[in-house]
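Q: Have a look at this one before I ask anything.
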Amino acid sequence: MAELDNITDVVYESSEDLKSGFEFNSGMNAPAYMNRLFCSTKERVAYILKTAVGGIGLGKYDIGSDFHLYKIYGISPTQLSKANAGLGIYDMLNDPLSAMIIDNMRSRWGKFKPFQILALIPSMAMGFFNCILPLIAMNMNFDASTKLWVWMFIAYASETVNAFFGGGGYIDNVFTPNTQERTSLLVAAKFVSELGSKFPSQLAGVIFDLIENNKLHLNIVKTFVIMKTFWWIIANVPNIWWVLVSKERVPQSEKPPHPIKGFMSVFRNKPLLIYTLSGFIDEINVGTSESLYYSDVLKFNSIGVVGGIAGSPISYISYPLTAKLRKKFSTKTLWLFGRGSQIISDTLFLLVGLIGGKENGLYRRKIPMTVAFSIGNCITMVFYATRKIIASEINYETLDYCEWKNGYRVEATIGLVTGYINKVKNIILQIINAYLLERWAGYQAGFDKVHTVDTMFKMFIAAFGPRLIFDYLCMIPMFFYNIDAKTREKMYADLEKTRAATALAQKKRMDAMVSEKNNNE
């Protein structure tokens, strides 16, 4: 009996609440589910903390960044790019199988909950080992070949875990069918995140600056491992809590769609295709990361801390501003505002750095580059909250649009198709970027290397120049994004009716099972 109660909770907690809500909205022509909230207080708090704290880390210095891989861990860029090509192919081979398993899952806990639980222990084990790996490599004197092999072993293991258990992450899409409840929680979470999420990376930048400028006599590898492990532990506490208390409330279709039918539905989803194309272009990051430039050229890792002082108050103001902008502008327009402000900022920074040329360029001078960073940061902070929230909102909208048009949700299949496109792109980009960094710019891996003026200038160009071309191009597809305010309102009103019908059908089936069980007893 307890098992059946759990099922009805997953399906919407009670048929009486669902039915009354359905009748209310039908009679009043109200937007979908706006008459009730679904999440408990405990779940709301867990979601806010998970979103605000669960992703906390070292930012641009974190695991997988150029700073971590090439400087702290000490892998050769070109060797890693070749090895990652094989990882990308493996990833593309296991994705169809994992997508089919996830989209065909039907259980008494829901579609995604089992994967969320199964992923907990292996993902934590992989995360902890990643934290301490640079220290192990240094203490055991790993040579270049051993470093590469160990890193790839972890990468293959992590990819396997993410592929077959990654469906648990889709809980964030279906923990409430009320779009306003979801948005309000997202805004609250992002605001809480703003209060302290930048502190770990800012602190890391300051400490790395002190070490690299011989003001603090610490081993940079040991310092990195200690900081990363500490913040990794802090971040995992709310993640674990979210796994324990989160519930899945958007009902899935009674029968999973045929894999081919689910695959084809992706291409009939115009908003998804447009958003995917824009994201594909936006992420053509030809060149190297900014963190290597800040560390090895400017010698000022904490430029974000100092340069962000002026824009910090604006970032807090942007949260109440977002609510007003959300009422006045469409999702598409807000996305264009947010992305455009970031592009303007990056363009300004590049142009200021080029003043003076290679030998006497401002790109090597802390004060003018910090001023340029600060001005650009103030521009981006106006739409800071909007940018963070709209990215998630568009993701939710495109998934709900697919359900609206096709009658079922295929998150994993959508992830498969979009992931395939990006993985092919990333394999190619890794090879190109490694060549630019090591062969063209002359970069040498390791935390104790010294670089020439020519290398430093090329690192600056590679970090900010080529990708700006694609940043501008990525905005073009979004002009054709076709979910306006009227379409959005109708979509969620229609989804309410279909979800209500599905939920009631599932409830009746559960009641029939209880009745049959009682009669047999």
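Q: Inside the range 112-135, can you point out the residues that are crowded, with 20+ Cβ neighbours inside 10 Å and of a type in the set (S, T, N, Q)?
A: Answer for the range 112-135, where residues must be crowded, with 20+ Cβ neighbours inside 10 Å and of a type in the set (S, T, N, Q): Gln116, Asn130.
Q: Can you tell me which residues in the range 193-206 are surrounded by fewer than 18 Cβ atoms within 10 Å (Cβ to Cβ) and of a type in the set (A, V, I, L, M, F, W, C)?
A: Once the filter is applied, which keeps residues that are surrounded by fewer than 18 Cβ atoms within 10 Å (Cβ to Cβ) and of a type in the set (A, V, I, L, M, F, W, C), the range 193-206 yields Leu195, Phe199, Leu203, Val206.
Q: Does Leu69 qualify as being at pLDDT 85 or above, more than 30 Å from Ala189 (Cα to Cα), aliphatic (A, V, I, L, M) and surrounded by 16 or more Cβ atoms within 10 Å (Cβ to Cβ)? Can you show your working first?
A: Working: at pLDDT 85 or above: yes; more than 30 Å from Ala189 (Cα to Cα): yes; aliphatic (A, V, I, L, M): yes; surrounded by 16 or more Cβ atoms within 10 Å (Cβ to Cβ): yes.
Yes; evaluated as a whole, the condition is true for this residue.
Q: Then there is this: For the range 217-325, list the helices (runs of 4 or more DSSP H) that sit wholly inside it and hold at least 2 residues that are under 28 Å from Ile171 (Cα atoms), modelled with pLDDT of 80 or more and open to solvent by less than 20 Å² (accessible area, probe 1.4 Å); which are they?
A: Numbers: elements: 220-245, 259-267, 270-282, 303-307.
Here the list reads 220-245, 270-282.
Q: May I pose another question? Looking at the range 421-521, what helices (runs of 4 or more DSSP H) fall wholly within it and have at least 3 residues that are farther than 29 Å from Phe67 by Cβ? Step through it out loud before you land on a result.
A: Details: elements: 453-464, 466-473, 475-478, 485-520.
Correct list: 475-478, 485-520.
Q: Which residues, counting only those in the range 40-66, are crowded, with 21+ Cβ neighbours inside 10 Å and closer than 17 Å to Met459 by Cβ?
A: Tyr61, Asp66
Q: Right, next: Please identify the pairs in which a residue from the range 267-290 that is farther than 17 Å from Ala434 by Cβ and free of Cβ contacts under 8 Å to residues at least 40 places away in the same chain has its Cβ atom under 8 Å from the Cβ atom of a residue that is crowded, with 17+ Cβ neighbours inside 10 Å and small (Gly, Ala, Ser), counting only partners at least 6 apart or on another chain.
A: From the range 267-290, no pairs qualify.
Q: Here's something else I'd like to know. Tally up the residues in the range 380-394 that are in contact (Cβ under 8 Å) with a residue 60 or more places away in the chain and open to solvent by 40 Å² or more (accessible area, probe 1.4 Å), please. It would help to see each step written out before you state the result.
A: So the first thing to find is which residues in the range 380-394 are in contact (Cβ under 8 Å) with a residue 60 or more places away in the chain, and the list is 380-386, 388-389, 392-394.
Among the residues that remain, those that are also open to solvent by 40 Å² or more (accessible area, probe 1.4 Å) are: 382-383, 388.
So the answer is 3.
Q: Name the single residue, out of those in the range 356-370 being in contact (Cβ under 8 Å) with a residue 24 or more places away in the chain and part of a helix (DSSP H, G or I), that is surrounded by the most Cβ atoms within 10 Å (Cβ to Cβ).
A: Going through the qualifying residues, I end up with Tyr363.
Q: If I filter the range 395-406 for residues that are modelled with pLDDT of 85 or more and either at positive phi or surrounded by fewer than 18 Cβ atoms within 10 Å (Cβ to Cβ) (or both), do I get at least one hit?
A: Checked the range 395-406: no residue is modelled with pLDDT of 85 or more and either at positive phi or surrounded by fewer than 18 Cβ atoms within 10 Å (Cβ to Cβ) (or both).
Q: Output the residue which, of all residues in the range 332-352 that are charged (D, E, K, R) and closer than 16 Å to Phe480 by Cα, is surrounded by the most Cβ atoms within 10 Å (Cβ to Cβ).
A: As a first pass, look at the range 332-352 and keep what is charged (D, E, K, R): 332, 339, 346.
Checking the rest, the ones that are also closer than 16 Å to Phe480 by Cα come to 332, 339.
Values: Lys332: 20, Arg339: 22.
Per the criteria, the residue is Arg339.
Q: Does any residue of the range 18-34 turn out to be in contact with a helix residue (DSSP H, G or I) (Cβ under 6 Å, 6 or more places away or on another chain), at pLDDT 80 or above and among the aromatic types (Phe, Trp, Tyr)?
A: Taking every residue of the range 18-34 in turn, none turns out to be in contact with a helix residue (DSSP H, G or I) (Cβ under 6 Å, 6 or more places away or on another chain), at pLDDT 80 or above and among the aromatic types (Phe, Trp, Tyr).
The values are calculated or read from the model by the stated rules, or taken from the named source; none is laboratory data. Just so it is clear, the structure is predicted and the values come from calculations on it, not from any experiment. Note that each Cβ is placed from the backbone with ideal geometry, even for glycine, and that neighbours are counted across all protein chains shown. Keep in mind that these areas ignore ligands, DNA and RNA; they rest on the heavy atoms of the full protein, side chains included. Shrake-Rupley method; radii C 1.70, N 1.55, O 1.52, S 1.80 Å.
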